[in-house]
1. State whether one or more residues within segment 166-186 are of a type outside the set (A, V, I, L, M) and within 13 Å of ligand 1 (Cβ to nearest atom).
2. May I ask you to say which residue of ALA296, ALA272 is on the phi < 0 side of the Ramachandran plot and surrounded by 15 or more Cβ atoms within 10 Å (Cβ to Cβ)?
3. Within segment 277-329, count every residue that is assigned to a loop (DSSP other than H, G, I, E, B) and under 18 Å from LEU4 (Cβ atoms).
4. Run ARG301 past the list (1) over 18 Å from the mean Cα position of the chain (by Cα); (2) basic (Lys, Arg); (3) within 13 Å of ligand 1 (Cβ to nearest atom) and report the number of the one that doesn't hold.
5. Could you pull out the residue among ILE88, ILE54, ILE44 that is within 16 Å of ligand 1 (Cβ to nearest atom), touching a Lys or Arg at 6+ places or on another chain (Cβ under 9 Å) and closer than 18 Å to CYS186 by Cβ?
6. Which one of these is modelled with pLDDT under 95 and either within 16 Å of ligand 2 (Cβ to nearest atom) or assigned to a helix (DSSP H, G or I) (or both): ASP86, ASP47, ASP70?
7. Can you give me the number of residues within segment 92-108 that are modelled with pLDDT under 95, closer than 16 Å to SER299 by Cβ and of a type in the set (A, V, I, L, M, F, W, C)?
8. Residues that are under 23 Å from ALA50 (Cα atoms) and of a type in the set (Ser, Thr, Tyr), at least 1 per element: which helices (runs of 4 or more DSSP H) completely within segment 164-234 meet that?
Amino acid sequence: MPALVVSIMNFKGGVGKTTLSVNLATALANSFKRDGEPYRVLVIDADSQANSSIYMLGEYWRKNVYPNQDKSLFGAIHRSLKGTTDSIGPEEIIGANPNAVNPIFSIEKGIDPDGRVEYRESSIHWTNLHLLPSHYNLVYLERLLRPNKIGKVNVKGIGKSVYYFEILDKIGKYINSYYDFVIIDCPPNLFYLSENALYFSDYILIPVIPDWLSTNGINWLVMQLYAMSKKYRRKSKSIKAIVPTLWTEDDPIYSRHIRILKKSLAIWKKNAKYAEILRETEVWEGLQRSQSVSKAIESLRPIEDFNSLEPARIQITRMVNQIINWRLP
Ligand SMILES: Nc1ncnc2c1ncn2[C@@H]1O[C@H](COP(=O)(O)OP(=O)(O)OP(=O)(O)O)[C@@H](O)[C@H]1O
Ligand SMILES: [Mg+2]
């Protein structure tokens with residue numbers, strides 16, 4: 001069965017895309033198939049801010065990826081354009097080398113009694129959680145692609161011209177065949193990289209803060225995703241859920257906006273045009289704002305490391321159970 005690819009998308013910034021991507025992926029990697037094998041999970045950091053990469057790798061990213069853009073999604077796409085590679089392989093994916101210690105979440109960041117930052121080796125190693133990291137230079141990719149009048153780019157590595165949004169899909173054969181789940185942390189825009197992520201994906205999750213400014217563009221976003229997916233012949237796209245993030249319990253503003261989102265979704269679903277992309281869309285409980293999430297990120301740990309009774313962890317587990325169900329026959 002090929003990988004199930006899920007893009008976490010929203011053109012709005014700061015809505016929790018990275019937090020969700022990393023923590024959903026980690027919880028998936030901590031789950032087991034019916035045969036007792038753990039799921040093989042890949043995070044693709046498609047945002048030039050490299051936040052997922054820095055969260056998952058800490059100093060390792062600064063020392064090993066930042067000085068060498070080749071070891072990143074930028075490098076992989078760049079090489080395919082230049083003609084030196086036709087596929088993303090295990091050698092460019094962090095954690096994929098079975099003979100080396102996986103650096104993902106291998107270091108824990110703490111504060112010593114004098115208030116100084118200290119780094120400790122973690123006792124947990126995530127052998128089945130891998131990362132195709134980002135590099136800041138990914139921001140230049142839009143300039144590098146230069147599609148022709150009909151939107152095609154010459155990808156020397158695969159020896160032909162393809163639509164600009166097909167590149168990741170064309171060089172992602174290994175990813176599709178090796179992993180069970182691929183989670184793509186998208187940038188806060190709908191430019192070329194987001195389109196590549198969308199084309200490569202089966203499903204989309206849209207994180208949204210249930211407040212006035214964050215919910216306002218959702219209708220437009222759905223329209224854009226519909227318009228983009230209409231261009232793609234390969235497979236249909238489905239927005240699986242709108243995921244409320246950074247909300248606080250008992251806050252009437254948030255609960256009001258969640259009610260509005262649900263009502264709006266019911267109205268959008270009636271529009272025949274959006275029937276396919278919105279057919280399965282639900283509004284989930286999502287992930288509330290919590291100190292344990294801030295602490296997890298600050299100490300470079302996944303929420304999965306926290307007490308299983310922690311509300312944020314319970315919320316992540318609920319979402320992951322839904323995602324696993326999408327893969328079951
Ligand atoms: N549930 C949460 N509880 C507390 N803080 C959170 C939570 N989710 C996210 N944050 C914090 O909110 C900020 C934005 O989150 P995040 O970086 O995940 O958003 P993003 O959508 O990926 O942003 P960008 O658009 O810049 O990529 C970060 O500082 C993160 O630490
Ligand atoms: Mg982000």
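1. Yes; the residues of segment 166-186 include at least one that is of a type outside the set (A, V, I, L, M) and within 13 Å of ligand 1 (Cβ to nearest atom).
2. Unique residue meeting the criteria: ALA296.
3. The total comes to 6.
4. Here ARG301 clears every test but (1).
5. ILE54
6. Exactly one of ASP86, ASP47, ASP70 is modelled with pLDDT under 95 and either within 16 Å of ligand 2 (Cβ to nearest atom) or assigned to a helix (DSSP H, G or I) (or both), namely ASP70.
7. Count: 1.
8. Details: elements: 167-171, 173-178, 192-200, 212-215, 218-231.
Result: 173-178, 192-200, 212-215.
The values are calculated or read from the model by the stated rules, or taken from the named source; none is laboratory data. The structure displayed is predicted, hence computed values, not measured ones. Note that we place each Cβ from the backbone using ideal geometry, even for glycine, and neighbour counts take in every protein chain shown.
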